[in-house]
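Working notes, structure below.
The values are calculated or read from the model by the stated rules, or taken from the named source; none is laboratory data. Computed from a predicted structure; not experimentally measured. Note: ideal-geometry Cβ built from the backbone for every residue, glycine included; neighbour counts use all protein chains shown. These area figures cover heavy atoms from the full protein model, side chains too; ligands, DNA and RNA do not enter into them. Shrake-Rupley method; radii C 1.70, N 1.55, O 1.52, S 1.80 Å.
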Amino acid sequence: MTRDSAERREGILRATLDMIKEGGIDRVRGADVAKRVGVSVGLVFYHFDNLETLIVEALTYAANRDIEHRDAALAASSSDVTERLHTMLREYGPSGSEFGWRLWVQAWSASLRDPTLRRVVHDLDEGWRAVIVGIIDEGVEQGVFTCPDPVAATWRLTSMLDGLAVQHVVFDDTVTVAQIRDWTQVALSRELGI
C-alpha cells in the first residue's frame with residue numbers, strides 16, 4: 001500500500017468515526033463517508049469491502065488509538081504502583097473527551113448484532129483489564145495493596161466504571177466526574193485497602 005493510499009484509508013476511517021460521533025453507527029452510509037472525504041463511493045469500498053467492514057475497521061482503528069494512548073499514559077506515569085493504578089483508572093473512566101465513551105457505548109450496542117465487532121470490543125476490554133490486573137498484582141507483591149483476588153477486583157472496578165460512564169455520558173452528567181473519582185476511591189479502599 002502506497003503512502004497516499006494508506007493516508008486515504010486512514011482519512012476514510014477518521015471520517016467514519018466522525019460520522020459515528022455525529023449521528024451514531026446506524027446512520028453511517030458509504031456515500032456520506034465518500035462525500036466527506038472527497039472521494040468516490042467506489043474508492044471507499046475498494047479499501048473496505050462493505051459498510052460493515054468499514055465500521056468494524058473504524059472501531060478497530062479507534063481501539064488501537066485508545067490502546068496507544070493507554071500505553072503512553074502508563075509509560076509516562078509514576079513508578080509508584082498506587083499512582084499507576086490511579087492513572088489507569090482515570091484513563092479507563094470517562095475523563096477528558098467524552099467522545100471515546102460515546103463511541104464505545106454505541107459499539108457495545110452494535111456488537112449485540114455483529115460478532116466481528118463484538119470481538120473488537122471484547123479484545124479492547126480484555127486488554128484494559130489485563131493492564132489493571134497486572135498493576136494490582138504488582139501492588140499486592142509489594143505489600144501496598146491487600147487483595148485476595150486481583151482478577152475479580154479488576155472486574156468489579158471496571159464494571160463499576162463502565163456503569164458510571166454510561167450515566168455520565170449518555171445521561172448528560174447525571175453523575176459527575178468528581179463523583180466518579182470519589183466513588184472510585186471508595187471502591188479502591190474496599191477492594192485494595194488503599
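Here are the numbers for the structure shown:
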item: Residues satisfying the stated conditions in region 134-148, i.e. of a type outside the set (Ser, Thr, Tyr) and in a loop (DSSP other than H, G, I, E, B); result: GLY143, VAL144, PHE145, CYS147, PRO148
item: GLY38 vs. criteria open to solvent by 60 Å² or more (accessible area, probe 1.4 Å), over 30 Å from MET160 (Cα atoms) and of a type in the set (Gly, Ala, Ser); result: yes
item: Filtered residue count, region 154-176, keeping only those that are free of Cβ contacts under 8 Å to residues at least 60 places away in the same chain and open to solvent by 40 Å² or more (accessible area, probe 1.4 Å); result: 10
item: Residues located in region 43-70, provided they are more than 13 Å from ARG9 (Cβ to Cβ) and in contact with a helix residue (DSSP H, G or I) (Cβ under 8 Å, 6 or more places away or on another chain); result: LEU51, GLU52, ILE55, VAL56, LEU59, ALA62, ALA63, ASP66, ILE67, HIS69, ARG70
item: Qualifying positions in region 1-13 - modelled with pLDDT under 95 and crowded, with 17+ Cβ neighbours inside 10 Å; result: ARG8, ARG9
item: Some residue of region 78-97 being more than 29 Å from LEU192 (Cα to Cα) and not in a helix (DSSP H, G or I); result: no
item: Check on GLU68, assigned to a helix (DSSP H, G or I), among the charged types (D, E, K, R), surrounded by 18 or more Cβ atoms within 10 Å (Cβ to Cβ) and within 18 Å of the chain's Cα centre (by Cα); result: no
item: Number of positions in region 177-194 that are surrounded by 13 or more Cβ atoms within 10 Å (Cβ to Cβ) and among the hydroxyl-bearing types (Ser, Thr, Tyr); result: 1
item: Test: residue in region 114-133 that is within 24 Å of VAL170 (Cβ to Cβ), open to solvent by 20 Å² or more (accessible area, probe 1.4 Å) and assigned to a loop (DSSP other than H, G, I, E, B); result: yes
item: Test set (1) open to solvent by 70 Å² or more (accessible area, probe 1.4 Å); (2) at negative phi; (3) at pLDDT below 95 - VAL151 fails condition number; result: (3)
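For (1) open to solvent by less than 40 Å² (accessible area, probe 1.4 Å); (2) at pLDDT 95 or above; (3) on the phi > 0 side of the Ramachandran plot, each residue gets a yes or a no:
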{"residue": "MET19", "(1), (2), (3)": "yes, no, no"}
{"residue": "ILE25", "(1), (2), (3)": "yes, no, no"}
{"residue": "VAL33", "(1), (2), (3)": "yes, yes, no"}
{"residue": "TYR46", "(1), (2), (3)": "no, no, no"}
{"residue": "THR53", "(1), (2), (3)": "no, no, no"}
{"residue": "VAL56", "(1), (2), (3)": "yes, no, no"}
{"residue": "LEU59", "(1), (2), (3)": "yes, no, no"}
{"residue": "ALA62", "(1), (2), (3)": "yes, no, no"}
